Amino acid sequence: MEKKRLAVFFPGIGYSNDKPLLYYGRDVAYEAGYIEYYNVSYGDVNKDGVRGNRDKMAELAADLLRRTESQLSAIDWRAYEDILFVSKSVGTFVATAYAKKHQLTNIKHVLYTPLEFTYDNQPQNAIAFLGTNDGWSDVEEIVKRSRQASIPLTLYEGCNHSLETEDVFRNLEILQDVMVNTKKFIGE
């Protein structure tokens, strides 16, 4: 009998589940046997004044966690042997906070462009990806906290918060590298 696997995708506030990292992340997860999946959706989000304001970001993240809890309340987590949380930006906080609050320990976390307060949730069994020109994350802090938490972090030189540069072909190479590393991690 095949293992029951579930993948849950947590978007950012300006980066929906149909954007490249989460779209292809879903395909990679599917190929790895995560046939069942759920896309979290936050609905309308007011992100005015959030960037660079830790208090407003924390308030927004708490609201998004409440919205997520409502959406995921019907899932029987015990029914799955393997659970994968794939998240982007503020979604990395929501995913790790949800796992911590609900004491879900059999989860693998893929953290695309995590925010520093994501690490306050003490994610386990995780991998992270970040650009050196990320305007939403404190790159040095993410490097430090990833190291402290033993979370492998891949840094992409010159990339922004979407792990992109101004060179479309370089972006495609980066996206491929992210997906190859995501697949290796998921397959472990």
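The values are calculated or read from the model by the stated rules, or taken from the named source; none is laboratory data. The model shown is predicted, which means the values in this text are computed figures rather than measured ones. All Cβ positions, glycine included, derive from the backbone under ideal geometry; neighbour counts span all protein chains shown. Calculation scope for accessible area: heavy atoms of the full protein, side chains included, ligands and nucleic acids excluded. Shrake-Rupley method; radii C 1.70, N 1.55, O 1.52, S 1.80 Å.
Identify the single condition in (1) among the basic types (Lys, Arg); (2) in contact with an Asp or Glu (Cβ under 6 Å, 6 or more places away or on another chain); (3) under 20 Å from VAL180 (Cα atoms) that LYS3 does not satisfy, given that it satisfies every other one.
(3) is the only condition that LYS3 fails.
Which helices (runs of 4 or more DSSP H) sit wholly inside segment 36-152 and have at least 2 residues that are open to solvent by 20 Å² or more (accessible area, probe 1.4 Å) and within 24 Å of LYS184 (Cα to Cα)? Let's see the steps before the verdict.
Details: elements: 54-72, 90-101, 139-148.
Here the list reads 139-148.
Filter segment 162-188 for residues that are touching a Leu at 6+ places or on another chain (Cβ under 9 Å), open to solvent by less than 40 Å² (accessible area, probe 1.4 Å) and of a type outside the set (Val, Ile, Thr) and give the result.
If the condition is that a residue be touching a Leu at 6+ places or on another chain (Cβ under 9 Å), open to solvent by less than 40 Å² (accessible area, probe 1.4 Å) and of a type outside the set (Val, Ile, Thr), then SER162, LEU163, ASN171, LEU175, MET179 are the ones that fit.
How about segment 121-145: which of its residues are on the phi > 0 side of the Ramachandran plot and in contact with a Lys or Arg (Cβ under 6 Å, 6 or more places away or on another chain)? Please lay out each step first, then the result.
At the first step, the residues of segment 121-145 found to be on the phi > 0 side of the Ramachandran plot are 122, 125.
Correct list: ASN125 only.
For segment 21-35, name all the residues that are of a type outside the set (Phe, Trp, Tyr) and either assigned to a loop (DSSP other than H, G, I, E, B) or open to solvent by 50 Å² or more (accessible area, probe 1.4 Å) (or both).
Looking only at segment 21-35, we keep the residues that are of a type outside the set (Phe, Trp, Tyr), and these are 21-22, 25-29, 31-33, 35.
If the condition is that a residue be of a type outside the set (Phe, Trp, Tyr) and either assigned to a loop (DSSP other than H, G, I, E, B) or open to solvent by 50 Å² or more (accessible area, probe 1.4 Å) (or both), then ASP27, GLU31, ALA32, GLY33, ILE35 are the ones that fit.
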